[in-house]
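Right, one structure below, let's go through it.
The values are calculated or read from the model by the stated rules, or taken from the named source; none is laboratory data. Not measured: the values here are computed from a predicted model. Here the Cβ positions follow ideal geometry from the backbone for every residue, glycine too, while neighbour counts run over all protein chains shown. Areas reflect the complete protein model, heavy atoms only, side chains present, ligands, DNA and RNA absent. Shrake-Rupley method; radii C 1.70, N 1.55, O 1.52, S 1.80 Å.
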Amino acid sequence: MNQSVLDTPIAYLKGVGPQRAEILKKEIAVFSYRDLLSYYPFRYIDRTQFYKIKDVNADLPYIQILVRLRSLEVIGEKRTKRLVAQAIDDTGEIELVWFQGITWVQKNLALNQVYIIFGKVTFFNGKAQMAHPEIEVYNKNALNRGNLKLQPVYSSTEKLKQYSLDAKGIQKITANALDVCLQDIEEVLPLYITQKYKLLARAKAIYNIHFPANADDLRAAQNTLKFEELFLIQFRMLKSKMIRTQKFKGNVFENVGDKFNYFYEHLLPFSLTNAQKRVIKEIRMDTQKGIQMNRLVQGDVGSGKTVVALMTMLLAVDNGYQACLMAPTEILATQHYHSLKELLKDEFVSIALLTGSSKTKQRRIIAEDLESGKLSILIGTHALIEDPVKFKNLGFAVIDEQHRFGVEQRAKLWRKNVIPPHILVMTATPIPRTLAMTLYGDLDVSMIDELPAGRKPIETRHLYESQRLRMFGFMKQEIAKGRQIYIVYPLIQESAKLDLKNLMDGVDTMSREFPLPEYRISIVHGQLKAKEKEFEMQRFVKGETQIMVATTVIEVGVNVPNASVMIIENAERFGLSQLHQLRGRVGRGAEQSYCILMSGDKLSKDGRVRLETMVKSNDGFEIAEIDLQLRGPGNIEGKQQSGVMELKLADLTTDQNILAEARKTVIEIFETDPDLAKPENQVLKAILLKSETGIMLNKIS
Ligand code: ADP
Ligand code: MG
């Protein structure tokens, strides 16, 4: 291999040396010139102009202002202690504030001196303010030398700063690196692609992302590098999918046999929706091909995914294979077990439940029956993929509410059989299309986009704390009609104690308002033992209690059709997708169902939007899109586990178009040149061989 200058160890770079090299490695994983060049600025200061104080507003990015210091004083005590400076130009006044490093700043600033301040302007009591501005003595010569551009700002750390590698220091060494290796930066994308999408040459893009001459250059550079980033993710993902489908044989489910047919004709208590039929058919097609299936089924809460799981598991059983269904919580696994047993009536299929709290003896029996093949369907939590669990021949695995299972765990399942089982992932947390492409781009997707007939849309109301009495009145009215009610309290992991107290206070209030013997209340929360939880759940399921007070443990999957009211306390503390999940616990029977969102009287802007969205929409996909807009993709559940989301530049909320183009391009390449044999695609082939995917695939081939 010819070594590129870009791979030179960072210690050799002018301005670095061995000591700083160590720190760069440890703090920001920069080992080589190449790494440094892909350590992009996180923002830019517009040094092309000075703003006048009268013209500033809170919407501006980081800007610079030329000011004179008029006063400087420390105010406040201890925790409120801060350094405040009044600064002026010929149009107005701005306040500068420091909460940290006060002594140092104070020592280094002089009254009546002229400074350039950089930062983001905020307004406080109608006054312009800049907190922790960067500050520089005004010096005409310095300005000329810096020739007024967009100045890159890099994130730094305390350690780096100790070694003079603050934002400015990083900027300096980056400039040094560009000096010596700009001409060595190789193209990553084939020329025909960069031309088609009017992208910059890579060297130019890298230069301009660090030192753009103006906003247009910056935008072009970002566009190029975002495209590259998203392209490479899609490229690796689709390639590994291709290889997987070529290399891994799949079990063939040839027959639709007795059990499937018997269930369909005699036991199924309703007729399937068209969407359910279609998805079952898609799965049947997949499992006949001799290729291992990896399919994601998305369906809004209540769309009837469980029965799809059951029928496709029966398909596996009919073909002589075992199947398993994995759920994220014990409650949910247990509930699945009971509802499947109920659907299957006289146990013409053997089915068992395995969770963390299964007894040793029971475990042993399950283990034996699994190995001998006596047991056909195993339901459980992740206990099910723990190593000792051995199947005779696992052919089909269903994973419910997948966002709680990581890629790791999926892989564990694969290893449960010589020929990896077909995998069906079911999720009710609708993932916006773009995100699904990125997160699950290697899965095939089925949609259950239809609710069973006769469902009435859930009516959602938002009530303030001051309207609590109305809520009680409404609850009594519904209970009198024979309905059951959930009341959910938020759960914040950091403070389980406080949450429990919250819940218990709630229970107290409820018990006073809904006294025995007329009313009965179930309580379920995370601190209960599995047995107790199960007991409380069952009382509610059987209709022995009318009210279920719970934390979010009931969020996913729980199914009690007679429960028609969902009350969510402190609803403003929940995320949108969680609210939608919770609401999905009702509206499962024939009755009109209601969701009541209780909130404090004061709401943040985001909180208000979330609650308004819930009142307005019942559509999980629409809600997920709004959620994505509000929170940004960084917070979407499942992201952390995906392992493919360390996006450096691209932002899935704003760069959906680039993602779509990148994906389309990748698909075209694989369609026209699946083996990457064409000369123009050799760059891509090289990337693949170097990548982890390549290494992984070489190992298994
Ligand atoms: P989810 O997709 O949220 O997991 P479930 O599978 O729990 O939904 O189904 C919700 C409820 O709808 C269950 O009570 C189930 O028995 C019922 N159900 C499922 N499919 C149909 C159908 N085609 N017609 C009527 N009811 C159905
Ligand atoms: Mg479900």
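Of note, Thr273 does not satisfy the criterion of being touching a residue at least 60 places away in the same chain (Cβ under 8 Å) and closer than 19 Å to Leu413 by Cα. Taking first residues from segment 557-578 that are under 21 Å from Arg455 (Cα atoms) and among the β-branched types (Val, Ile, Thr) and partners that are open to solvent by 50 Å² or more (accessible area, probe 1.4 Å) and modelled with pLDDT of 85 or more, the Cβ contacts under 6 Å between residues at least 6 apart in sequence or on separate chains come to Val560/Val541.
Yes or no, residue by residue, for (1) among the β-branched types (Val, Ile, Thr); (2) modelled with pLDDT of 95 or more:
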| residue | (1), (2) |
| --- | --- |
| Glu186 | no, no |
| Leu191 | no, no |
| Ile206 | yes, yes |
| Leu230 | no, no |
| Ile233 | yes, no |
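Consider segment 106-122 and keep the residues that are crowded, with 17+ Cβ neighbours inside 10 Å and hydrophobic (A, V, I, L, M, F, W, C). The one that is nearest to the chain's Cα centre (by Cα) is Val121. Pairing each residue of segment 297-309 that is in a loop (DSSP other than H, G, I, E, B) with any residue that is within 8 Å of ligand 2 (Cβ to nearest atom) and open to solvent by less than 10 Å² (accessible area, probe 1.4 Å), provided the two are 6+ apart or on different chains, yields C-beta distances under 7 Å for Asp300/Ala428; Val301/Ala428.
Every residue in segment 272-281 that is within 11 Å of ligand 1 (Cβ to nearest atom) and open to solvent by 80 Å² or more (accessible area, probe 1.4 Å), please. If the condition is that a residue be within 11 Å of ligand 1 (Cβ to nearest atom) and open to solvent by 80 Å² or more (accessible area, probe 1.4 Å), then Asn274, Lys277 are the ones that fit. Just one residue in the set Lys361, Lys341, Lys345 is over 29 Å from the mean Cα position of the chain (by Cα), at pLDDT below 90 and open to solvent by 30 Å² or more (accessible area, probe 1.4 Å); that residue is Lys345.
Residues that are among the β-branched types (Val, Ile, Thr): list the helices (runs of 4 or more DSSP H) wholly contained in segment 196-295 that include at least 2 such residues.
Working: elements: 202-210, 215-247, 258-262, 274-286.
Passing ranges, in order: 202-210, 215-247, 274-286.
Each residue in segment 50-89 was checked for being in a loop (DSSP other than H, G, I, E, B) and touching a residue at least 12 places away in the same chain (Cβ under 8 Å), and 9 pass. Looking across segment 282-316, the residues that are among the aliphatic types (A, V, I, L, M), open to solvent by less than 20 Å² (accessible area, probe 1.4 Å) and away from ligand 1 (no atom under 16 Å from the Cβ) come down to Met293, Leu315, Ala316.
Would you check which residues across segment 371-390 are assigned to a helix (DSSP H, G or I) and open to solvent by less than 20 Å² (accessible area, probe 1.4 Å) and list them?
First, the residues of segment 371-390 that are assigned to a helix (DSSP H, G or I): 371-372, 382-385.
Ala383, Leu384, Ile385 - these are the residues of segment 371-390 that are assigned to a helix (DSSP H, G or I) and open to solvent by less than 20 Å² (accessible area, probe 1.4 Å).
Taking Leu503 as the residue in question, decide whether it is open to solvent by 60 Å² or more (accessible area, probe 1.4 Å), modelled with pLDDT under 95 and more than 16 Å from ligand 1 (Cβ to nearest atom). Spell out how you get there, then give the answer.
Numbers: open to solvent by 60 Å² or more (accessible area, probe 1.4 Å): no; modelled with pLDDT under 95: yes; more than 16 Å from ligand 1 (Cβ to nearest atom): yes.
Here the answer is no, as Leu503 does not meet what is asked.
Residue check: is Thr48 within 28 Å of Asn214 (Cβ to Cβ) and open to solvent by 50 Å² or more (accessible area, probe 1.4 Å)? Yes: the conditions hold for Thr48.
Inside segment 674-683, residues that are over 15 Å from Ser240 (Cα atoms) and open to solvent by less than 10 Å² (accessible area, probe 1.4 Å) make up a count of 1.
Reported count of residues in segment 308-338, each being within 13 Å of ligand 2 (Cβ to nearest atom) and either within 24 Å of the chain's Cα centre (by Cα) or at pLDDT 95 or above (or both), is 11. Would you confirm whether any residue within segment 554-565 is more than 27 Å from Thr381 (Cα to Cα) and at pLDDT 90 or above? Taking every residue of segment 554-565 in turn, at least one turns out to be more than 27 Å from Thr381 (Cα to Cα) and at pLDDT 90 or above.
Taking the conditions exactly as written (closer than 24 Å to Lys305 by Cβ and open to solvent by 40 Å² or more (accessible area, probe 1.4 Å)), does Gln527 satisfy them or not? Talk me through it step by step, then tell me what you get.
Values: closer than 24 Å to Lys305 by Cβ: no; open to solvent by 40 Å² or more (accessible area, probe 1.4 Å): yes.
No.
Could you tell me whether Asp217 is within 28 Å of Ile10 (Cα to Cα), at pLDDT 90 or above, of a type outside the set (Lys, Arg) and surrounded by fewer than 14 Cβ atoms within 10 Å (Cβ to Cβ)? Reasoning before the result, please.
Values: within 28 Å of Ile10 (Cα to Cα): yes; at pLDDT 90 or above: yes; of a type outside the set (Lys, Arg): yes; surrounded by fewer than 14 Cβ atoms within 10 Å (Cβ to Cβ): no.
So Asp217 does not fit the description; no.
Of the residues that sit in segment 246-271 and are within 35 Å of the chain's Cα centre (by Cα) and crowded, with 18+ Cβ neighbours inside 10 Å, which one is nearest to ligand 1 (Cβ to nearest atom)? Among them, the one singled out is Phe253.
Cβ-Cβ contacts under 8 Å between residues 6 or more apart (or on different chains), taken from a first residue in segment 324-349 that is closer than 15 Å to Asn559 by Cβ and charged (D, E, K, R) to a second residue that is more than 13 Å from ligand 1 (Cβ to nearest atom) and open to solvent by 20 Å² or more (accessible area, probe 1.4 Å), are listed as Lys341/Glu347.
Would you be able to tell me the number of residues in segment 172-184 that are crowded, with 18+ Cβ neighbours inside 10 Å and modelled with pLDDT of 95 or more?
Taking segment 172-184 as the starting set, the residues that turn out to be crowded, with 18+ Cβ neighbours inside 10 Å are 173-174, 177-178, 181.
Narrowing the set further to residues that are modelled with pLDDT of 95 or more leaves 173-174, 177-178.
Number satisfying all stated conditions: 4.
A count restricted to segment 531-557 and to residues that are among the hydrophobic types (A, V, I, L, M, F, W, C), more than 16 Å from ligand 2 (Cβ to nearest atom) and buried (at least 17 other Cβ atoms within 10 Å of the Cβ) stands at 5. Of the residues making up segment 416-456, those that are in a loop (DSSP other than H, G, I, E, B), within 15 Å of ligand 1 (Cβ to nearest atom) and at pLDDT 75 or above are Ala428, Asp449, Glu450, Leu451, Pro452, Ala453, Gly454, Arg455, Lys456.
Among the residues of segment 587-617, those identified as closer than 28 Å to Gly454 by Cα, among the charged types (D, E, K, R) and under 25 Å from the mean Cα position of the chain (by Cα) are Arg610, Glu612, Lys616.
Starting from residues that are touching a Lys or Arg at 6+ places or on another chain (Cβ under 8 Å) and open to solvent by 10 Å² or more (accessible area, probe 1.4 Å), keep the ones in segment 317-328 and report whichever is nearest to ligand 1 (Cβ to nearest atom). Looking at residues that are touching a Lys or Arg at 6+ places or on another chain (Cβ under 8 Å) and open to solvent by 10 Å² or more (accessible area, probe 1.4 Å), I get Pro328. Any idea which residue in segment 579-598 is nearest to ligand 2 (Cβ to nearest atom), counting only those that are part of a loop (DSSP other than H, G, I, E, B) and either modelled with pLDDT of 85 or more or closer than 16 Å to Glu401 by Cβ (or both)? This residue is Gly584.
Looking only at segment 200-208, decide whether some residue is aromatic (Phe, Trp, Tyr) and in contact (Cβ under 8 Å) with a residue 40 or more places away in the chain. No, segment 200-208 contains no residue that is aromatic (Phe, Trp, Tyr) and in contact (Cβ under 8 Å) with a residue 40 or more places away in the chain. When Val398 is tested against (1) within 16 Å of ligand 1 (Cβ to nearest atom); (2) at pLDDT below 90, exactly one condition is not met: (2).
Output the residues belonging to segment 558-578 that are more than 15 Å from ligand 1 (Cβ to nearest atom) and either open to solvent by less than 10 Å² (accessible area, probe 1.4 Å) or assigned to a strand (DSSP E or B) (or both). Outline the logic, then answer.
Applying the first criterion (more than 15 Å from ligand 1 (Cβ to nearest atom)) to segment 558-578 yields 565, 567-576.
Once the filter is applied, which keeps residues that are more than 15 Å from ligand 1 (Cβ to nearest atom) and either open to solvent by less than 10 Å² (accessible area, probe 1.4 Å) or assigned to a strand (DSSP E or B) (or both), segment 558-578 yields Val565, Ile567, Ile568, Glu569, Ala571, Phe574, Leu576.
Only residues that are open to solvent by less than 30 Å² (accessible area, probe 1.4 Å) and part of a loop (DSSP other than H, G, I, E, B) were counted in segment 20-37, giving 1.
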